[in-house]
Amino acid sequence: LPSGIRAFKFKDPDGHDLEIIWFPPELSKDKWQQNTEELFLGIDHSAITVADTEESLEFYRDLLGMEVEESNINSGEIQADMDGLPEAKVRVTSLRSQQGGLGIELLDYIVPGTGRPFTEDWQSYDIAHMQVQLVAKDIDLVANTLAENGVKIISPKIIKFPNSYPYSQACTIKDPNGHAIMLISV
């Protein structure tokens, strides 16, 4: 990988792809260079495959307010080996909220091209189902803005939770590629 980054991908017991990555100190955030005996330092981001980076940026950057940290094209033998795809070429765009926290990485495969789309009949209890949780300051405002912009709201309404829950309200939406996102407010 570029600049001394080391990584490998593998599948969890349910078949979800995971990647372990190590950054050299000069390319790393301080939190990933802690002096600790722990093997696992945490989760940096969730990567999702998208059909069109610009369309996804309109959703994640323009509607949800995330910021682009970097964007580049990964290709060559190393990327092909990482993905298990001959001649893989992917546009990688890293996004994060202004407040920090976990990021979202958009993977737009130029080669071999757009992957298979989600089917419309997935259910939240399907093993293949995965969702990202994003925290909203005003969930009603965000849900209304998204609905006005044609975003599919999965939840029939904003759900209110009792005080014993870690968040007070939530609703589930779909991004332009069908990825599930649960918006929560604390």
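If you go through region 148-167, how many residues are surrounded by fewer than 13 Cβ atoms within 10 Å (Cβ to Cβ) and of a type outside the set (K, R)?
8
Residue by residue, here is whether (1) hydrophobic (A, V, I, L, M, F, W, C); (2) in a helix (DSSP H, G or I); (3) farther than 30 Å from K137 by Cβ; (4) in contact (Cβ under 8 Å) with a residue 40 or more places away in the chain holds:
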| site | (1), (2), (3), (4) |
| --- | --- |
| D62 | no, yes, no, no |
| G65 | no, no, no, no |
| V68 | yes, no, no, no |
| I73 | yes, no, yes, no |
| I78 | yes, yes, yes, yes |
| D81 | no, yes, yes, no |
| L85 | yes, no, yes, no |
| V90 | yes, no, yes, no |
| T93 | no, no, no, yes |
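For region 108-126, enumerate the residues that are under 17 Å from K174 (Cα atoms) and either open to solvent by less than 50 Å² (accessible area, probe 1.4 Å) or not basic (K, R) (or both).
If we filter region 108-126 for residues that are under 17 Å from K174 (Cα atoms), which is where we start, we get 116-126.
Across region 108-126, the qualifying residues are P117, F118, T119, E120, D121, W122, Q123, S124, Y125, D126.
Of all the residues that make up region 6-60, how many are outside any strand (DSSP E or B), of a type outside the set (D, E), open to solvent by 70 Å² or more (accessible area, probe 1.4 Å) and in contact (Cβ under 8 Å) with a residue 24 or more places away in the chain?
Within region 6-60, the subset outside any strand (DSSP E or B) is 12-16, 23-44, 50-60.
Of the ones still in play, those that are also of a type outside the set (D, E) are 13, 15-16, 23-25, 27-29, 31-36, 39-43, 50-51, 53, 56-57, 59-60.
Narrowing the set further to residues that are open to solvent by 70 Å² or more (accessible area, probe 1.4 Å) leaves 13, 25, 27, 29, 31, 33-35, 39-40, 43.
If we keep only those that are in contact (Cβ under 8 Å) with a residue 24 or more places away in the chain as well, we get 27, 43.
Number satisfying all stated conditions: 2.
Yes/no per residue for (1) among the basic types (K, R); (2) touching a Cys at 6+ places or on another chain (Cβ under 8 Å); (3) within 25 Å of C171 (Cα to Cα):
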residue: I78; (1), (2), (3): no, no, no
residue: G84; (1), (2), (3): no, no, no
residue: K89; (1), (2), (3): yes, no, no
residue: L134; (1), (2), (3): no, no, yes
residue: D140; (1), (2), (3): no, no, yes
residue: L146; (1), (2), (3): no, no, yes
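The values are calculated or read from the model by the stated rules, or taken from the named source; none is laboratory data. Here the structure is a predicted model, which is why all the values come from computation and not from measurement. So basically every Cβ, Gly included, is an ideal-geometry build from the backbone, and we count neighbours across all protein chains shown. Keep in mind that these areas ignore ligands, DNA and RNA; they rest on the heavy atoms of the full protein, side chains included. Shrake-Rupley method; radii C 1.70, N 1.55, O 1.52, S 1.80 Å.
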